[in-house]
Amino acid sequence: MSTSASSSKIARHVSKACHVDEQQLYLSERVWACAWHFSGNLIASAGEDKTIKIWKCEEEENKQNNGEIEAASEVSPLSISKIGTIRGDQTRSIRWVCFSPCGRFLAAASFDATIIIYERNKSSNEFEELHKLEGHECEVKCCSFSISGHYLATCSRDKTVWIWKVPFENDDEDYEVLSILQQHTADVKFVVWHPREDILVSGGYDCSIRFYIFDGDEWVTAQAIADAHSETVWSATFDNLTGHHLATVGGDKTIKIWSKEKRPEEGQSWCSWKIVVNLPILETRWPLYAVVWNCDGIIAVGGGDCLVRLFVFDVENSALSLLSSIRIPSEINCLAWRPKQQSEQTTNYLAVASDDGHLHFLQIDSQCINDGFGAINGNIGD
């Protein structure tokens, strides 16, 4: 790993939003997950308090504090305001949320073993329950829509991965279970889809990652990497531009990059994946829980040591370079890059869901990265 050093700071904390009601804030009501709408104008958060909060996001300076938002600086480039709360539909912690690629639907996975699908009313920004998916035996840990929008994947502590067909053209139809994959031997922590193809990856407590494809008849395991990490695999993310690389993080405090092998021969539909980077974070003793890769090539990693680390991946040399790290007041559960409004924008925003009951928002200047500048470490006070 190489580390760039410079007096130019590329990452800073710009605002935070309190997910948990004020009277519950000191009961350790952690925020488990956050997910952006494709427009970048909405973000959903979910947590231990069994609610989903919907937030409106605007790039606007000098927004007055309205009681919901605490500005991290006098001039915040990103203002966040709560526009809705979904509560009472699930009886235990909501572990994960995700928007469909079209933005119409929001899926919520809960420890009560259900997944609820909501439809967004564009004019009012209200969300109405459309479907309640049941079948998992216990806690659902993650849910994810495919890039085509045709499939929803879910995973659970019951060691299974389910693939559902989304009733894309008729909302009155039920979600259909296409496959129940039982390849894992323990709790499955995540499912994530390839950004360009209908390829699914899962990972979890058994230290493995598994790749699934549709072979024309059914969903099958295309590749299983049994010892991908030496401890629980907590999260994975594809590079968003090509999908040729996958990053994973785990309880072993290690970041790994997997590369897609050369394209298959004619008549074959699958490429295998091999490891090209194995980077232990030696300065921490805490698990790494979250990893996300954005369109500018920045990889954000967060975990139990309360640090967000920012890396870039050098494809040619198969190397990770640490750009910056910034401290959050408590453990990090989820990271989500804000979709860019315009490709030429050099500013990135990263949402951080943490154990302190808040969503934190970081601003990252990719122009500094492109210019070859590094960063100094930053801290966020409690």
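Values quoted throughout were computed directly from the atomic coordinates according to the rules given, and no laboratory measurement underlies them. Since we're looking at a predicted model, the values are computed, not measured. Reconstructed Cβ throughout: ideal geometry from the backbone, glycine too, with neighbour counts over all protein chains shown.
Within the set of other residues whose C-beta is less than 11 Å from the C-beta of residue 283, count the net charge using Lys and Arg as +1 and Asp and Glu as -1. Net charge in that neighbourhood comes out at +2.
Relative protection proxy for 286-293, 182-189, from highest mean packing down: 286-293, 182-189 (other beta-carbon atoms within 10 angstrom).
What fraction, in whole percent, of alpha-carbon pairs in segment 31-295 exceed 32 Å separation? Walk me through the intermediate numbers first.
On the way: 8730 of 34980 pairs.
Considering segment 31-295, 25 percent of its Cα-Cα pairs are separated by more than 32 Å.
Taking segment 272-321, which trypsin sites (Lys or Arg not before Pro) meet the DSSP loop condition and have no more than 12 other C-beta atoms within 10 Å? Numbers along the way, then the final one.
Numbers: sites: 274, 285, 309; in loops: 285.
Hits after loop and neighbour filter: 285.
Between residue 182 and residue 318, the contour length at 0.36 nm per residue exceeds the Cα-Cα span by 45.7 nm. Which of rounded, prolate, oblate describes segment 275-342, given a ≥ b ≥ c as roots of the alpha-carbon gyration tensor eigenvalues and a/c under 1.5 marking rounded, otherwise prolate only if a/b is larger than b/c? It comes out oblate by the Cα gyration axes. Site pair residue 172 and residue 244 shows an inter-label distance of 4.8 nm when each label is modelled 7 Å from Cα along Cα→Cβ. Students often get this wrong: which residues of segment 170-213 have the backbone nitrogen under 20 Å from the point 7 angstrom along Cα-to-C-beta of residue 121? Flagged as within label range: 171-172. Each peptide among 129-137, 329-337 gets the average number of other Cβ atoms lying within 10 Å of its residues, and from highest to lowest they stand as 329-337, 129-137. By other beta-carbon atoms within 10 Å, ranking 87, 157 with the fewest at the front produces 87, 157.
Once the gyration tensor of the Cα atoms in segment 84-238 is diagonalised, the equivalent ellipsoid follows with semi-axes of 25, 18, 13 Å, ordered largest first.
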